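Quick notes on the structure that follows.
Every number in this text was worked out from the coordinates using simple rules, so none of it is lab data. Bear in mind the structure is a predicted one, so any value in this text is a computation, not a measurement. Cβ sites come from the backbone with ideal geometry, for glycine too, and all protein chains shown count toward neighbours.
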Amino acid sequence: MASISSQLILHPTVSQSIKLGSTTIGRDKLYRAVQYFSRFLAWFLLARGHKDQAARWNALKSHLALARKLLRLGKPMEHLQAALRAVQAYSAAETGEQITTIGRQLAYFGYLTYDTVVWANAVKFINLKPDTAQKVNKTSNRFWLAGILLSITHGLLKAGRLANEAKKLRSRSGEKDVGAEADREMRQRTLDMARSVTRHQFIIDILDVWIPAANLGLVNLNDGVLGIFGFITSVMALRQQWHIAGNK
């Protein structure tokens, strides 16, 4: 019995789950997945007249959203540092990518800074007038939308550059020099990995962009659609963090 318990408790999957949960980003993505699934489920139940059950999932969604804002305190500075590093890492061949990276990081800095004010007002640490609170929330969503749009632009630019590099590498295939061919294959694997990561982030951005757009009233999507979009992107990001935790 003790042996079976040890095998269960010390199972690699359990250990990997603990590693994932011990990171702030791992917990954030997990909370986000549950938050957006709750948003979808609340909409689904409410559409079928189950108001009491819908209220329970709505409450869970709201509390997780507030908890995630707390987890992100201090994160604006990470994005500000990332913007500064992008400024310092100048590359003439990747000017467009660099500009969009800087813009994206600054936009996320603005988004999370205003989001901190939203959190402080929600927990009554500060007291904003309703119209001021609404303006702060709207500005936060504008920065969020700008950050995702810049991320999409960055992804398109990077995908185009990587595709051109892959095309050049394929034209060099079949070289007689064994060392040169081995180097080409290694660079091809690196490019394939970079293209996969870029596609992964692009899909996340394409789905996530509708959430701040809906919050700003630019599109008319119900909570069911937004909940599913948010849940899908959360699971995609969570899987990415799961693989990272497994490699540590």
### Task
Have a look at N137, L207, M186 and report the one farthest towards the positive end of the charge dipole of the chain, computed about the Cα centre with Cβ charges (Lys/Arg +1, Asp/Glu -1).
N137
### Message
Can you tell me the length gained on complete extension of the stretch T132 to M193, counting 0.36 nm per residue apart and subtracting the Cα distance?
### Response
17.4 nm
### Query
Could you give the dipole magnitude of the chain about its Cα centre, charging the beta-carbon of Lys and Arg +1 and that of Asp and Glu -1, in debye to the nearest 20?
400
### Task
Kindly rank 135-147, 32-44, 59-71 from highest to lowest mean number of other beta carbons found within 10 Å of each residue.
32-44, 135-147, 59-71
### Message
5 Å is the cut-off here: which amide hydrogens, built 1.01 Å from N in the peptide plane, fall below it relative to V219, excluding neighbours closer than 5 in sequence?
### Response
A214
### Query
Under the definition of Cα pairs under 8 Å and six or more residues apart, what whole-number percent is the relative contact order of region 91-217?
32
#### Entry: Cβ crowding within 10 Å averaged over residues, with 155-166, 122-133 ranked highest first
155-166, 122-133
#### Entry: 19 Å Cα-Cα reach of K168 towards aspartates and glutamates, excluding residues that sit fewer than 8 places from it in its own chain
E94, D177, E181, D183, E185, D192
### Message
Tell me the angle of helix 130-171 to the major Cα principal axis of the chain, expressed in degrees between 0 and 90 and rounded to the nearest ten.
### Response
20
### Query
If we count every other residue with Cβ under 12 angstrom of Q105's Cβ, Lys/Arg +1 and Asp/Glu -1, where does the sum land?
+2
### Query
Of K29/K61; K75/K158; K69/K124; K29/K75, which ones are farther than 19 Å apart at the Cα?
K75/K158
### Summary
For the chain, the Cα gyration tensor yields equivalent-ellipsoid semi-axes (√(5λ), largest first, whole Å) of 37, 27, 18
### Query
How do 182-189, 207-214 rank on mean C-beta neighbours within 10 Å, highest first?
207-214, 182-189
### Query
If we count every other residue with Cβ under 12 angstrom of A42's Cβ, Lys/Arg +1 and Asp/Glu -1, where does the sum land?
+3
### Query
Expressed as a rounded percentage, what relative contact order does region 30-177 have, with Cα pairs under 8 Å and six or more residues apart?
20
### Task
About the Cα centre of region 91-217, how large is the charge dipole given +1 on each Lys and Arg Cβ and -1 on each Asp and Glu Cβ? Please answer in debye to the nearest 20.
220
### Query
So what's the angle, to the nearest 10 degrees on a 0 to 90 scale, between helix 223-247 and the longest Cα principal axis of the chain?
50
### Query
So for region 64-109, taking the charge dipole from beta-carbon charges (+1 Lys/Arg, -1 Asp/Glu), which of S91, M77, L64 sits furthest toward the positive end?
L64
### Query
In whole percent, what relative contact order does the chain give with Cα contacts below 8 Å and a gap of six or more residues?
28
### Query
If you stretched the chain out fully between V34 and S91, how much longer would it get, using 0.36 nm times the residue separation minus the C-alpha to C-alpha distance?
16.5 nm
### Query
Relative to the first principal axis of the alpha-carbon coordinates of the chain, what is the inclination of helix 51-71, with its axis defined by its Cα atoms, in degrees from 0 to 90 and to the nearest 10?
60
### Query
Short version: ³J(HN,Hα) in whole Hz for each residue of region 211-222, in order, from phi by Karplus 6.51 cos²θ - 1.76 cosθ + 1.60 (θ = phi - 60°), x for Gly and Pro, what are they?
5, x, 4, 5, 4, 8, x, 7, 9, 10, 10, 7
### Query
Taking the Cα centre of the chain as the origin and placing charges on Cβ (Lys, Arg +1; Asp, Glu -1), which of Y111, F37, I244 is farthest toward the positive end of the dipole?
F37
